[in-house]
Amino acid sequence: MLQYLVILLDDTSVAYCHADNPLKKRNLMPLETLRKGILFGMKQNLMIQYVFPDYALPEEYASVIESIDKVKIYPVGCKPVTGIEDGNEADVEVVNAVPEKVEAKNLVLRLTFSEMLKQKDNIAKLFASGARINLCITDVEQFSDEQIETYKKVLEEWNAVLLDLYKQGLSPQFNLLTDRMMLDKMHNCEAGVSNITLAPNGKFYLCPAFYYDEQMQVFNQLNHHQPSSDRSVGDLDNGLNIPNPQLLQLDHAPLCRNCDTFQCRRCLWLNRRLTWDINTPSRQQCVMAHIERNASRALLSDIRKVGEFMPQIDIKEINYLDPFEVRKEF
């Protein structure tokens, strides 16, 4: 069931997840399209999530944007002048380098794996900021088995920092390690299921990355009839039209529906890019998510040595990193 409508206000709106935004030419969503998008969201009872570019929008957009409850996602240091309330905990800042300090309540930190390794100590310093830190690794497809032990070690180092903060009575939030401790079911991206994206052209997409691919004329691998870069799943005039929407659902994902790496992003865009199956994650995603899951289990165990903490959560010990490695005897 849809809950969120993501509105890309411009072709150059900030990328906030795995996919970089390759579009460099400004293309502001027409004001009438924005109004129709908001009306669609209101009729569907959806929370609006605006994604801003790195420039201030024209003044006439302010009253329209502020006309409904919303979340604002914007580049760090480029806070729009359209009425963002200071201290609004729902708003999200996005940065592609580790900042010296965090001004927002929610920070998305987008780094490659190698950048993460180089900046691991500076990242750890952010945990005490009081902000929610979301680290998004932007080159998951490059992750290899040779990096497994390196990733484990980094997470162990971060666990030590987080444990010390918990001992001080703080409640740090770091998506890779603390999310799993709080979850008892899958909490993935759910693009096309709980959220849908509206692009400046008035069309709907499963997520912004599919719009980027269309605009860059990346071949649609699932179109077996003719080469096509069309990735839209409807428009404001005709409504949503997601082909075989059940195939996006968790209960139609054999690899995921019995998995307990509840913090896994399960990125549909990466799935289709790396496995050609939109509902089946790649080995890279699974291995990284299971390393994080196991590190969360270790952190939870260490916190419980200090005092009672989340007693209802049970993260079981496992002996694999990739669900494909599991073999059942029949």
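The values are calculated or read from the model by the stated rules, or taken from the named source; none is laboratory data. Not measured: the values here are computed from a predicted model. Here the Cβ positions follow ideal geometry from the backbone for every residue, glycine too, while neighbour counts run over all protein chains shown.
Brief remarks follow.
- Flag for Glu93 being part of a helix (DSSP H, G or I) and either buried (at least 16 other Cβ atoms within 10 Å of the Cβ) or not aliphatic (A, V, I, L, M) (or both): no
- Whichever residue in the stretch 113-151 is in contact (Cβ under 8 Å) with a residue 24 or more places away in the chain and basic (Lys, Arg) and, among such residues, is farthest from Ala295 (Cα to Cα): Arg132
- Every residue from the stretch 275-330 that is among the polar types (S, T, N, Q), modelled with pLDDT under 95 and in a helix (DSSP H, G or I): Thr275
Okay, residues lined up against (1) in a helix (DSSP H, G or I); (2) out of contact with any helix residue (DSSP H, G or I) (no Cβ under 6 Å at 6 or more places or on another chain); (3) within 30 Å of Phe52 (Cα to Cα):
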{"residue": "Leu176", "(1), (2), (3)": "yes, no, yes"}
{"residue": "Tyr212", "(1), (2), (3)": "yes, yes, yes"}
{"residue": "Gln217", "(1), (2), (3)": "no, yes, yes"}
{"residue": "Asn258", "(1), (2), (3)": "no, yes, no"}
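- Scanning the stretch 34-65 for residues that are of a type in the set (D, E, K, R), over 24 Å from the mean Cα position of the chain (by Cα) and in a loop (DSSP other than H, G, I, E, B) gives a single hit, Glu59.
- Test result for Val154, under 20 Å from Tyr320 (Cα atoms), buried (at least 18 other Cβ atoms within 10 Å of the Cβ), in contact with a Lys or Arg (Cβ under 6 Å, 6 or more places away or on another chain) and in contact (Cβ under 8 Å) with a residue 24 or more places away in the chain: yes
- When residues of the stretch 179-207 are limited to those that are assigned to a helix (DSSP H, G or I) and surrounded by fewer than 22 Cβ atoms within 10 Å (Cβ to Cβ), the one nearest to the chain's Cα centre (by Cα): Asp179
- Just one of the listed residues (Gln263, Gln285) is surrounded by 20 or more Cβ atoms within 10 Å (Cβ to Cβ), out of contact with any strand residue (DSSP E or B) (no Cβ under 7 Å at 6 or more places or on another chain) and under 22 Å from Leu5 (Cα atoms), and it is Gln263.
- Counting only residues that are free of Cβ contacts under 8 Å to residues at least 40 places away in the same chain and under 21 Å from Ala209 (Cβ atoms), the stretch 253-308 holds 9 of them.
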